[in-house]
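The values are calculated or read from the model by the stated rules, or taken from the named source; none is laboratory data. Every value quoted in this text rests on a predicted model; they were computed, and no experiment measured them. Cβ: placed from backbone, ideal geometry, glycine included. Neighbour counts: every protein chain shown.
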């Protein structure tokens with residue numbers, strides 16, 4: 001369930017604490033018919049991903065949640081979605097690309113999907129199918145973010161501030177941030193900037209103790225409030241959020257400072273209401289002033305840009321889902337191919353045994369040559385059918401024919417029935433034999 | 001024939017790369033950038049082969065004809081663009097730099113019919129170094145002007161509070177400002193060397209007119225003064241912002257004149 005299907009009260013009750021995700025995934029394997037499991041739990045969704053022998057095993061997932069989170073099935077009824085095979089894969093890919101997020105394209109979800117997979121893998125709950133599924137979903141998420149603008153900023157005022165600062169200064173590693181006012185808003189915005197690795201964070205507040213406290217939280221340095229006009233010459237980015245009733249920065253204060261800055265840009269982020277920086281400061285050369293409305297407007301524009309990218313993300317998603325589905329289908333050929341090879345080998349060995357009885361005086365060197373020749377012959381005979389069977393499995397059919405069924409009938413491979421990869425491979429281990437490589 | 005074909009291929013590839021870089025400005029797409037870069041490299045290879053074929057067919061340096069000189073000028077612009085783009089991670093610069101290379105190539109095509117008897121003095125190494133220094137410096141000035149155009153564009157977008165969203169795909173202000181400064185810093189000594197070498201050669205060409213009032217000399221000396229003034233104002237006076245960017249754009253416009261004005265002293269023939 002997610003923010004689309006369930007109210008926050010229910011999501012809160014079903015959310016897993018960080019430390020519980022891995023162990024719970026492991027416990028989920030005890031549910032009947034479940035071979036692999038992973039739990040994606042964020043503030044907006046709790047989703048269980050499982051590889052199972054049959055769709056009916058999904059009932060066990062509901063029962064597990066009921067037991068594990070202490071939520072009655074009745075409370076959850078109507079808030080679930082149950083997706084199977086390609087639909088489930090497509091959903092995870094959409095989640096990883098940020099298309100299913102509350103804020104379209106938000107960046108955290110890809111990391112959360114990666115964590116979910118890692119935790120399941122760490123406890124051995126993810127097997128070959130979930131390994132392949134999550135790796136493909138993470139790859140799709142990365143492609144969506146590098147090949148389109150779906151993840152390009154503007155998710156909050158803090159993000160917009162960082163985007164704008166980057167457009168002015170490029171790398172922020174050499175920049176100095178000056179914070180005026182030690183309020184919550186300035187702290188939030190400064191945190192976004194601090195995460196980019198700015199060089200120095202200076203904090204000034206009328207109550208110096210508050211400045212010291214905020215500076216320690218941001219690994220910065222507190223300065224006396226009276227010193228801030230002097231520090232404007234060193235600062236590159238100024239975040240202002242004081243409770244002052246009038247402007248605390250104006251043209252007269254800035255003009256001598258700008259001469260000392262020698263043409264370096266100065267970026268003001270004024271998130272105070274009423275505003276701290278006089279609007280005519282924006283007319284000064286190399287000064288960029290953004291108030292709360294400006295930032296909000298940029299954020300809205302970025303959101304519109306991201307929404308326009310959905311089509312391109314869907315195209316990427318479609319390609320990645322196709323690739324995963326083809327790999328998934330190719331697994332169907334595994335039992336047929338294994339049986340076919342075994343049958344060929346049995347025939348070869350039987351013929352060799354018969355020949356040994358007929359030619360008992362043949363030297364061992366000659367037998368070795370015969371061994372190699374027969375093996376090579378069988379491989380040559382099998383090469384094309386095997387290739388065609390793999391292609392047919394990946395594509396669903398071959399020229400409209402069910403080649404796998406045909407191969408079973410032609411070669412009398414009655415034992416080689418449809419696949420159940422999770423059954424054929426132990427949890428947490430790669431499958432053996434003719435297993436296809438994950439996409 | 002082969003030289004023309006290779007030059008046309010280079011022209012097309014540069015043009016294609018410029019279009020892809022422009023598309024990347026419109027809607028970010030890593031494939032546009034990767035393909036654009038590949039086209040530039042392929043264009044440079046074709047262009048290099050074209051210049052080689054030209055020299056091999058004429059048994060002259062590229063500077064022995066207007067066609068060869070303009071082709072070399074275009075080649076230097078495209079070649080210099082590659083490290084600048086890689087260093088700045090700003091494919092947007094190709095939107096201006098590569099059409100500039102195409103324009104130079106187009107001018108070269110328009111002069112491809114000329115095949116005059118070459119004065120022996122044109123074949124000297126010193127003349128080649130003189131022309132090459134000036135061409136490289138002008139190519140770098142052109143790239144600096146491209147950076148300046150993006151500076152002005154980005155500056156105005158940010159002053160207008162980022163309306164249009166494109167500001168995120170333009171190179172950052174500080175990055176293009178520093179790049180333009182470094183390009184001028186590298187180009188001015190080359191221009192100085194080119195002018196000094198030209199001054200050494202001047203007496204031998206005095207019969208063909210006064211070299212001091214020759215348009216090439218005037219353009220080169222004026223460009224030297226413009227870029228000298230830029231460096232002075234930026235480093236010693238602490239100027240920054242759009243004023244200096246306009247100076248860079250004006251300087252590049254001035255250097256472009258050299259490819260079009262007629263000269264008595266800078267003739268290739270007797």
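Summary table
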item	result
Tally, over the stretch B:173-194, of residues that are surrounded by 19 or more Cβ atoms within 10 Å (Cβ to Cβ) and away from chain A (no Cβ under 14 Å)	7
Some residue of the stretch B:209-230 being within 14 Å of chain A (Cβ to nearest Cβ) and at pLDDT 80 or above	yes
Within the stretch A:359-439, helices (runs of 4 or more DSSP H) holding 2 or more residues that are modelled with pLDDT of 85 or more	A:364-395
The one condition in (1) away from chain A (no Cβ under 14 Å); (2) in contact (Cβ under 8 Å) with a residue 24 or more places away in the chain that residue B:170 fails to fulfil	(1)
Search result, residues across the stretch A:132-176 that are more than 11 Å from every other protein chain (Cβ to nearest Cβ), more than 13 Å from the chain's Cα centre (by Cα) and either outside any helix (DSSP H, G or I) or modelled with pLDDT of 90 or more (or both)	A:132, A:155, A:156, A:173, A:176
Restricting the stretch B:132-159 to residues that are over 27 Å from residue B:195 (Cβ atoms) and more than 10 Å from every other protein chain (Cβ to nearest Cβ), the residue that is surrounded by the fewest Cβ atoms within 10 Å (Cβ to Cβ)	B:156
